[in-house]
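Structure first, then comments.
Taken together, the values in this text are just the output of simple stated rules run on the coordinates, not laboratory data. If you're wondering where the values come from, they're calculated on a predicted model, not measured in any experiment. Counting neighbours? That spans all protein chains shown, and the Cβs are built from the backbone with ideal geometry, glycine included.
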Amino acid sequence: MAASGPEEIPAFARDHVASVLLSAEEIQAAIARIGAGISHDYVGRDPVLVAVLKGSAPLIADLLRAIDIPVSVDFIAISSYGPSARNSGVVRLLKDLDQPIEGRHVLVIEDIIDTGLTLHYILRTLRLRRPATLEVGTLFNKPARRLVNIPLRYVGFDLPDRFVVGYGLDYHERYRNLPFLCVLKPEVYGG
Ligand code: IMP
């Protein structure tokens, strides 16, 4: 499938993008596929989708509209304890779920799984609340970097070990609003 042409890159980011890895169309096609899978697998189970803020915001918005069975949505927000703890898996819960999940079929929706440590913490926290089932769907997956094993029910794309932005993923809170996934030029990280 063709990648997005330069004309589709917003002006503010045009000089920052080194290459587009996945076009908006490719991303939307993967979300349609995951949505169809969820609609099939969870029919009659009234699932709760738990989106992890902030990176999953565009994904949950598009994924909800690709699901054609009754579904609830809830949000958690977490933050790592700073750069030195980046790979420690120690994270802080900034916003908890609004509703109890005991006895519910819970599907955690992630934007990207890298080492897996963040999600490992989230799953451990949610499991204590005794959901009927607890599964994970992620749009982007970096298997080469995994430090803990996490079974994934739905995966959009396996990615190489590169830092990517766009479609919810940021570098210093920027680029989340790009509709495609891309790699930035090295000089962007320098300055
Ligand atoms: P993990 O705990 O190593 O799996 O890290 C997961 C979190 O790190 C994600 O939720 C993202 O916020 C961030 N992250 C990992 N890789 C990337 C990337 O390539 N671009 C942007 N953020 C990333």
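Within the range 25-159, DSSP assigns beta bridges of which about 15% are antiparallel (rounded to the nearest 5).
Placing unit charges on each Cβ (+1 for Lys and Arg, -1 for Asp and Glu) gives the range 25-159 a dipole about its Cα centre, and among I67, A36, H120 the Cα reaching farthest toward its positive end belongs to H120.
Couplings 3J(HN,Hα) of the range 56-61, computed from phi: 7, 4, x, 4, 5, 5 Hz, in residue order, whole Hz [Karplus 6.51 cos²θ - 1.76 cosθ + 1.60, θ = phi - 60°; x for Gly and Pro].
On the basis of the beta-carbon distance and an R0 of 22 Å, V43 and A144 show a calculated FRET efficiency of 0.05.
In this structure the amide hydrogen of A18, modeled in the peptide plane, comes within under 5 Å of the amide hydrogens of V183, L184, K185, none closer than 5 places in sequence on its chain. Between the alpha-carbon centers of the range 109-162 and the range 18-52, tell me the distance in whole angstrom. When both Cα centres are located, 14 Å separates them. Rounded to the nearest Hz, the phi-derived 3J(HN,Hα) couplings of the range 180-186 under the Karplus curve 6.51 cos²θ - 1.76 cosθ + 1.60 (θ = phi - 60°) are 10, 9, 9, 10, 8, 5, x, where x marks glycine and proline.
Taking a point 7 Å from the Cα of L152 along the Cα-to-Cβ direction, the residues of the range 12-46 with backbone N closer than 20 Å to it are 20-42.
For the pair R162 and D98, a Förster radius of 25 Å applied to the C-beta separation gives a FRET efficiency near 0.10, rounded to the nearest 0.05.
Under a 5 Å amide H cut-off, with hydrogens placed 1.01 Å from N, G116 pairs with L147 among residues at least 5 apart or on other chains.
Taking the average, over residues, of other Cβ atoms within 10 Å as the packing measure, peptides 145-154, 160-169 rank 160-169, 145-154 from highest down. Taking amide H atoms as placed 1.01 Å from N in the peptide plane, the amide H of E110 lies under 5 Å from those of G137, T138, L139, each 5 or more residues away in sequence or on another chain. Going by the alpha-carbon gyration tensor, a ≥ b ≥ c the square roots of its eigenvalues, is the range 25-159 rounded (a/c under 1.5) or, if a/c is not under 1.5, prolate (a/b greater than b/c) versus oblate? Verdict is oblate for the range 25-159. Scalar couplings 3J(HN,Hα) for the range 141-150, obtained by applying the Karplus form with A = 6.51, B = -1.76, C = 1.60 to θ = phi - 60°, are 9, 10, x, 5, 9, 5, 10, 10, 6, 10 Hz; x denotes Gly and Pro.
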